[in-house]
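Structure record follows, encoded as structure tokens.
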Amino acid sequence: MQLLPDIYVVGGSLVGLTGSQVSGPFDDCNVYALDLGSEILLIDTGNGDSWPMIQENMQQWGLDTRKITTALITHPHYDHAQGAHLLQDAGIKLVAHAYTADAMEKGDERCCGYLYHRVFTPVSVDRILEDDEQFSVGSLSVQSIHLPGHTLGCTGFLISWRGKKVLFSGDVIGTLGYGHFGWNGSIDFDKQVYIKTLLKLSKIDFDVMLPGHGLASFTHPRERVEESLNEALMVWR
Ligand SMILES: [Zn+2]
């Protein structure tokens, strides 16, 4: 499904591509594909079971899956990162924050395999990011923004795209299409850190938010961040 010119959501429950259904309709994340012309960038990998369907979906949109060079990982949870080893086997470079990379390399409980009654497949990330880092994928400049709380490695990716600032926010804000927060059961979930992240994110300017699950926000996405911040301040202290 095309969301913006040359940006597609190619995996996740909104397009019916969840792959396994092992724990209900939200067991896979939104996977986004950005057509950069000479190459394609993915945001997150999905749960692995959905990888064949993601590729099929891309082909239906005329996206040549052989052009995928890079996948940016928002955090190590199974539904976002279990597919990473399959992508790496296909020659796709993995990029993630140092904490997320460490969790993925160990494949430990921070990856939440237990939640899906599966074992996370450990994988080494190819490029490890600092907390906030400007880097390039082909001609595209990407700003990573460390947004810990839902997990301690959560990272948003901010880009300028055809005159709009687009944030891939992972599971920081309302991840099931409703509610204000990402799931709070992760072993490295931290309320106080999460509040600081919401304060940080509420000061960052962006026009479109493309989250790890649920609906995209095309108007006033920061209002959702501010609602989350308000709720966090009320209920988490
Ligand atoms: Zn998550």
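Points to keep in mind about this one:
- Listed peptides 114-122, 6-14, 220-228 by packing density, highest first (mean Cβ within 10 Å): 6-14, 220-228, 114-122
- Positive dipole terminus of the chain, leading residue within 29, 2, 97 (C-beta point charges): 2
- Whole-percent carbon and sulfur share, accessible surface of the chain, 1.4 Å: 51
- Bins of 5 Å from zero: percent of alpha-carbon pairs in the range 114-186: 3, 13, 17, 21, 20, 15, 8, 2, 0
- If you sort 3, 201 by accessible surface, 1.4 Å probe, largest first, the order is 3, 201.
- Whole-angstrom gap from the range 73-137 to the range 198-233, using each part's C-alpha centre: 24
- Residues of the chain: accessible area per residue with a 1.4 Å probe, Å²: 41
- Of the GluC sites (Glu not before Pro) in the range 94-178, the ones in a loop by DSSP (not H, G, I, E or B) with at most 12 other beta carbons within 10 Å are 130.
- Only helices reaching 15 angstrom along their own axis (Cα) with mean Kyte-Doolittle hydropathy no lower than -1.0 count here, and for the DSSP H runs of the chain these are 191-202, 221-235.
- Selected from 69, 155, 100 as most flexible by GNM, with the chain as the system and alpha-carbon contacts under 10 Å: 69
- DSSP beta bridge pairing in the range 2-235, given as percent antiparallel to the nearest 5: 65
- When the listed pairs 106/203; 165/191; 93/165; 67/93 are checked against a 22 Å cut-off, the alpha-carbon distance exceeds it for 106/203; 165/191; 93/165.
- Dimensionless Rg over Rh [the range 2-235; C-alpha; Kirkwood]: 0.93
The values are calculated or read from the model by the stated rules, or taken from the named source; none is laboratory data. Computed from a predicted structure; not experimentally measured. When we count neighbours, we look across all protein chains shown, and the Cβ atoms used for this are built from the backbone with ideal geometry, even at glycine. Each accessible area value is taken on the protein alone, full model and side chains, heavy atoms only, with ligands, DNA and RNA left out. Shrake-Rupley method; radii C 1.70, N 1.55, O 1.52, S 1.80 Å.
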